[in-house]
Structures are given as C-alpha cells and as structure tokens.
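One structure below.
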Amino acid sequence: MGAAPRIEPAFEPVPSSVRVYHKAPTLLKILQLSPDKTALRTKSIVVAGFLAGILLSQKLWVNTRYYPLVPVVHGLPSIPYPLDYAIYGALLVLLFATGFAPRPRIYIFAFVGLIGAFSLWDQTRWQPWAYQYWLMLLALGCYSWKADDLAGRRDAVNICRLIMGCTYFYSGFQKMNARFISRGFPWVAQTLPFHVPWLGYLGWVVACIEVSIGLCLLTRRFRKIGMVNGVIMHLFILYSFGPLGRDWNSVVWPWNVVMIGLILVLFSNTDATFADIVWRNKFLYHKVVLLLFGVLPSLSFFGYWPSDLSLALYTANLTEANVLVSETVMQDLPPTVQRYVKPIPGHLVLRVQDWAFGELNVPPYAEIQSFTTVASAVCKYANNSPDIRLTGQYRNTLRGTGKEIRNSCFGMMGPNPP
C-alpha cells in the first residue's frame, strides 16, 4: 500500500493571543455602540423618589385637611373634595406613566404642569425634595428620548448634574452659621453610639465637607472624592434620622436613598467637565436652572430668597414661630388640632412644626406667611380671641440677627418686616 497522502489544513490555527487581539476591538465597538442609560436610570430614580415622597405625605397634596393651605396669592378658587383627591390620583398615575413610558416627555410635562399649578394653592408643597425632583424631571423633559439624540441626552443629564452640585454647595454654605454649630449639628451627632469630641469644630468641618462635595462632583479631577463623601454623608443622615437614630422626618428617608443613587448614576464613568455641566448646554432651560440653583440661593443669605428654595437643609437657622393660646382657646380648636397644643411655663403653645409633621408628615414652609396663616386659622376657630399670640423669630442673615415675631388676631396676623 502506498503512503497515505499528506493533507494540509486549509488555514493555520490562530494563536490564542492573536484571537484575543482580534476579538478585543469587536467587544470595544459593542460597548461604544451600547446606548447610554444614564438618562433612563436618572428618570427611574427621580420618579421612584417623587412617588415615595408623595405617598409618605398624602395630606400635603390634598386640600381637605385641618392644617391650613398657604396659597401663593389670595383669591384662588377653592378645590373641594373629592376634586383634590382626584388631582392627587392623577399625579400618581402620571408618575407611573413617566416611569414606564419609553418616550415619557408628554407625561413629564403633564405631571410637572399639574403639580406646579396645584402647588400654587399651598406653599407648604414647596418642599426642597419636591422642588429638586420637579426641576430634574423638567430637565429630562428637554430630551427627545430618541435613540440618536445623543446631544439632547447629554445636555439633559448635565442639567441634573448641575442641580446636584448646587444642592450640596449651597446646603453646606447654609450650615455655616452659629445656630447649626451650637444646636443643629450636636443634635444630629447625639444619635451616634459614642461620644463625639470637639462638636463645635466638627460642625464647621461638616459644613465645609458638604460644600466640597458639590464642587468635587462638578469637576473631573476630584469627582470620585465627592462621590465617596456624598455617599458617606447620606448614609450618616439615614442612620441619624432613621429608626436606629431619631426616627424623625421619614419623608426625607427615600430622598437620601435617591441622592445616593443619583450620585452613582450621574457621576460614575463620565468625562463631563466643569464647563460642560455649568455652562456649555444648548437648552435654554439650563440657564433657568443655573439661575434658580446657582444664583438666587445666594440672595437667601441676605433674606431676599426663601430658605426652602435655597437648600437650607437642617441648618437650624430658619424662621420659626408658634401660637400661644389659653385653655379656653384650646377648647375651641378641633380635637385633631388640640393634640398639638403643649403646656409651657405660664402658657399653652400650639407648635406649628408639630402640627405640620403630625398631619402632613413634612415641616412647615419656613417663611413668615406659613406661621401667620396658621395663626389666622386659629383666630377663626376662636373668634379672634385676644388670648392668641403669634411669637417666634426670623432667621439670621448677613444683615443681622433675625427680629422677633410678635402678633395677634387684632393685628390681622400680618408679617413684621424681617
């Protein structure tokens, strides 16, 4: 028999190192072509946070309640029951639609329009978390949600990054005051299971760290430092205000979880520069946000812009007032309201913050009109009794120490000049 013919292979086997070399560009190309889901994830987180906040403060979003409405302008037509609950239900439906729709622009604009108009009836609805979510949803509404609209997606996400950076920046600056150092921070730090020395100095350090978080997030070089510090800060807040700490102000628990999620989604794996976030943006709405979050909050240090719209979060420097009443006046109040009346030496006091938290699960809008409106409601219950007095203090500003608040039913509960 002859020798078997030698059969040559059709091609030489490719070494493993070469095979990996040829596959790498293909994988890289796939990753580059995969859609950026930052906008989608941001939308999902904001919608979830807004939904949680609205569900935890149901009475805030209806008009049928005892805690009085604080309208932006007087003379707005009444929204009676059950229309107010129908609006509340519509807000929930629009939020769900925004969360699940692949192209949610129409639902975003419908939701922000409805909740914005509804909030004209009550400034207490202008909670900082609602204000932030509202503006971020509007930013995402600027994006067409078409797969090829890369520039629109980038610019919408950068507006959300700007809102985040300004939130930390101003929130930290607002804490640089004597009340936060002496009262606010020690009150929070007492929740820790160990003694914290040098509380006075640490209060200043905490405020500076929060300012730095905002600045770091806006820059490429220090962004990771800002992310780490931001996550640690929110975990500390969750511990201090959560069930393991003071078990207080539950409506902001999901807000802190949302902020952690937004830090990770908006600032991980991005090469956006400070200029990209703060200025380079084709959307006109970007300049509106820059004004609302980057410029106007600075006026609050002089008393010319509302605290709640200036990121004055847990600063211990807010306008506060309570209503002093007599035993007779207390008996004229509805039983639901009477439980917020507490005895103090020589007086009975209706604590406005306790009433707001107890019925709405949010703090009162920290401006004088909130407290005068509450006092006016008490006056109506008691037929303008002379035994009712509004007493408190305006917030401190760079113009000086806040003046004392003192008024009565006969003074029509009009605001004193700050």
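Tell me whether the range 224-241 contains one or more residues that are crowded, with 16+ Cβ neighbours inside 10 Å, modelled with pLDDT of 95 or more and among the charged types (D, E, K, R).
Within the range 224-241 (the criterion being crowded, with 16+ Cβ neighbours inside 10 Å, modelled with pLDDT of 95 or more and among the charged types (D, E, K, R)), the answer is no, since none of the residues qualifies.
Residue check, residue 212 against (1) over 18 Å from the mean Cα position of the chain (by Cα); (2) at pLDDT 95 or above; (3) surrounded by 19 or more Cβ atoms within 10 Å (Cβ to Cβ), all met but one. Which one?
Of everything listed in (1) over 18 Å from the mean Cα position of the chain (by Cα); (2) at pLDDT 95 or above; (3) surrounded by 19 or more Cβ atoms within 10 Å (Cβ to Cβ), residue 212 misses just condition (3).
Could you grab me the full set of residues in the range 276-314 that are closer than 26 Å to residue 219 by Cα and of a type in the set (S, T, N, Q)?
Residues satisfying the conditions are 281, 298, 300, 310.
Is it the case that residue 336 is farther than 22 Å from residue 120 by Cα, without any contact (Cβ under 8 Å) to a residue 60 or more places away in the chain and assigned to a helix (DSSP H, G or I)? Break it down into steps so the answer makes sense when it comes.
Details: farther than 22 Å from residue 120 by Cα: yes; without any contact (Cβ under 8 Å) to a residue 60 or more places away in the chain: no; assigned to a helix (DSSP H, G or I): yes.
No.
Given the residues 356, 366, which is the only one that is of a type outside the set (Phe, Trp, Tyr), within 22 Å of residue 247 (Cα to Cα) and assigned to a loop (DSSP other than H, G, I, E, B)?
Values: 356 fails: assigned to a loop (DSSP other than H, G, I, E, B).
Going through 356, 366 in turn, the sole match is 366.
For the range 355-366, does any single residue satisfy the condition of being closer than 26 Å to residue 126 by Cβ and either in the same structural domain as residue 300 (by TED's automatic domain parsing) or free of Cβ contacts under 8 Å to residues at least 40 places away in the same chain (or both)? If you could, list the steps in order and put the result at the bottom.
So in the range 355-366, the residues closer than 26 Å to residue 126 by Cβ come out as 355-366.
Subsequent filtering for residues that are either in the same structural domain as residue 300 (by TED's automatic domain parsing) or free of Cβ contacts under 8 Å to residues at least 40 places away in the same chain (or both) retains 358.
For the range 355-366, residues closer than 26 Å to residue 126 by Cβ and either in the same structural domain as residue 300 (by TED's automatic domain parsing) or free of Cβ contacts under 8 Å to residues at least 40 places away in the same chain (or both): present.
Just the residues that are of a type in the set (Val, Ile, Thr) and in contact with a strand residue (DSSP E or B) (Cβ under 8 Å, 6 or more places away or on another chain), please, taken from the range 266-320.
To start, the set of residues in the range 266-320 that are of a type in the set (Val, Ile, Thr) comprises 270, 273, 277-278, 288-289, 295, 315, 319.
Within the range 266-320, 319 is the sole residue that qualifies.
Which of the helices (runs of 4 or more DSSP H) contained wholly in the range 14-112 include at least 2 residues that are over 21 Å from the mean Cα position of the chain (by Cα) and at pLDDT 95 or above? Before you say what the answer is, go through the steps one by one.
Details: elements: 16-33, 38-56, 83-100.
So the answer is 83-100.
Can you list residue pairs whose Cβ atoms sit under 7 Å apart, with the first residue in the range 402-415 being closer than 23 Å to residue 178 by Cα and of a type in the set (A, V, I, L, M, F, W, C) and the second being surrounded by 13 or more Cβ atoms within 10 Å (Cβ to Cβ) and modelled with pLDDT under 90? Count only pairs 6 or more apart in sequence or on different chains.
405/416
Sort out which residues of the range 245-274 are free of Cβ contacts under 8 Å to residues at least 40 places away in the same chain and not in a helix (DSSP H, G or I), and write them in order of number.
247, 248, 269
Please count how many residues of the range 173-220 are part of a loop (DSSP other than H, G, I, E, B), basic (Lys, Arg) and under 27 Å from residue 299 (Cβ atoms). Show your work before the answer.
So the first thing to find is which residues in the range 173-220 are part of a loop (DSSP other than H, G, I, E, B), and the list is 175-177, 190-198, 219-220.
Among the residues that remain, those that are also basic (Lys, Arg) are: 175, 220.
Next cut, under 27 Å from residue 299 (Cβ atoms) only: 175.
Residues flagged as part of a loop (DSSP other than H, G, I, E, B), basic (Lys, Arg) and under 27 Å from residue 299 (Cβ atoms) within the range 173-220 amount to 1.
Can you confirm whether the range 280-300 contains a residue that is more than 30 Å from residue 150 (Cβ to Cβ), at pLDDT 95 or above, part of a loop (DSSP other than H, G, I, E, B) and assigned by TED's automatic domain parsing to the domain that holds residue 155? Spell out the reasoning first.
Kept after step one, since they are more than 30 Å from residue 150 (Cβ to Cβ), are these residues of the range 280-300: 296-300.
Still in the running and at pLDDT 95 or above: 296-300.
Of the ones still in play, those that are also part of a loop (DSSP other than H, G, I, E, B) are none.
No: the range 280-300 contains no residue that is more than 30 Å from residue 150 (Cβ to Cβ), at pLDDT 95 or above, part of a loop (DSSP other than H, G, I, E, B) and assigned by TED's automatic domain parsing to the domain that holds residue 155.
Restricting attention to the range 380-413, which residues are part of a strand (DSSP E or B) and either in contact with a Leu (Cβ under 9 Å, 6 or more places away or on another chain) or more than 18 Å from residue 352 (Cβ to Cβ) (or both)?
389, 390, 391, 397, 400, 405, 406, 407, 408
For the range 136-153, give me the residue count where each residue is part of a helix (DSSP H, G or I) and surrounded by fewer than 20 Cβ atoms within 10 Å (Cβ to Cβ). Give the derivation first.
Step one: list which residues in the range 136-153 are part of a helix (DSSP H, G or I), which gives 136-141, 150-153.
From what is left, the residues that are surrounded by fewer than 20 Cβ atoms within 10 Å (Cβ to Cβ) are 150-152.
The qualifying residues number 3.
Only one of these conditions is not met by residue 336: (1) in contact with a Phe, Trp or Tyr (Cβ under 6 Å, 6 or more places away or on another chain); (2) surrounded by 17 or more Cβ atoms within 10 Å (Cβ to Cβ); (3) assigned by TED's automatic domain parsing to the domain that holds residue 407. Which number is it?
(2)
The values are calculated or read from the model by the stated rules, or taken from the named source; none is laboratory data. What you see is a predicted model, and the numbers here were worked out from it, not measured in a lab. Cβ coordinates were reconstructed from backbone atoms using ideal geometry, including for glycine residues, and neighbour counts include every protein chain displayed.
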